[in-house]
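Structure record follows, encoded as structure tokens.
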Ligand code: HEC
């Protein structure tokens with residue numbers, strides 16, 4: 001077997017040590033950003049929501065929006081109605097999202113309703129506590 005020169009070997013070892021840490025840092029920056037929301041609840045109680053919204057939650061949202069991240073991400077993120085519309089569209093356009101236009105519109109409706117009924121009220125509760 002041919003011997004690898006000492007300097008080249010040292011460079012290879014250094015590279016081997018650096019590459020995984022760079023890849024890890026890139027991955028953890030994203031996971032840090034979502035760490036808090038992703039650790040929150042992955043389900044909510046929709047039994048008091050209108051039937052149509054309940055159906056969207058069960059049949060569309062739970063299935064379509066849990067493909068790449070858990071449902072905790074959308075369920076624990078607050079956005080304005082405009083932002084939700086933009087966001088659902090952004091998710092829909094991701095490669096292989098499996099979300100069609102009609103489902104996206106219904107999911108947006110669910111997210112807007114849930115924002116007003118639950119998230120905005122929880123935020124108010126937090127404020128009242130202070
Ligand atoms: C094809 C994969 C995929 C699908 C399907 C998907 N997401 Fe995402 N989602 C991502 C990725 C990747 C990110 C990280 C940020 C980005 O790339 O936009 C993300 C981030 C998010 C965020 C965090 C946004 C923020 O505040 O920065 C929310 C909320 C979200 N998704 C909601 C949804 C909803 C709602 C659905 C269903 C309509 C959905 N996602 C479906 C891949 C997906």
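Give the relative contact order (percent, whole number) for the chain; include only Cα pairs under 8 Å separated by 6+ residues. Computed over the chain, the figure is 24 percent. Compactness of the chain was expressed as the Cα radius of gyration divided by 2.2 N^0.38 Å, which yields 1.56. If R0 is 41 Å, the Cβ-Cβ spacing of residue 125 and residue 96 corresponds to a FRET efficiency of close to 0.60. Applying 1/(1 + (r/R0)^6) with r as the Cβ-Cβ distance of residue 89 and residue 63 and R0 = 22 angstrom yields a FRET efficiency of 0.75. Listed peptides 71-81, 101-111, 4-14, 85-95 appear in the order 101-111, 71-81, 85-95, 4-14 once ranked by packing, highest mean of other Cβ atoms within 10 Å at the front.
Between 0 and 90 degrees, rounded to the nearest ten: what's the tilt of helix 101-114 against the longest Cα principal axis of the chain? It is inclined by approximately 70 degrees. Residues of the stretch 111-130 with an amide N closer than 20 Å to a point placed 7 Å from the Cα of residue 48 along the Cα-to-Cβ direction: 111-129. Helical runs assigned H by DSSP (4 residues or longer) give the chain a calculated mean residue ellipticity at 222 nm of -19000 deg cm²/dmol, each run adding -39500 (n - 2.57) before division by the residue total. Descending by average beta-carbon neighbour count within 10 Å, the peptides 58-69, 37-48 line up as 58-69, 37-48, the highest first.
FYI, it's all coordinate maths here, none of it is from the lab. Because the structure is predicted, anything quoted here is derived from the model rather than measured. Here the Cβ is made from the backbone with ideal geometry for all residues, glycine too, and neighbour counts use every protein chain on show.
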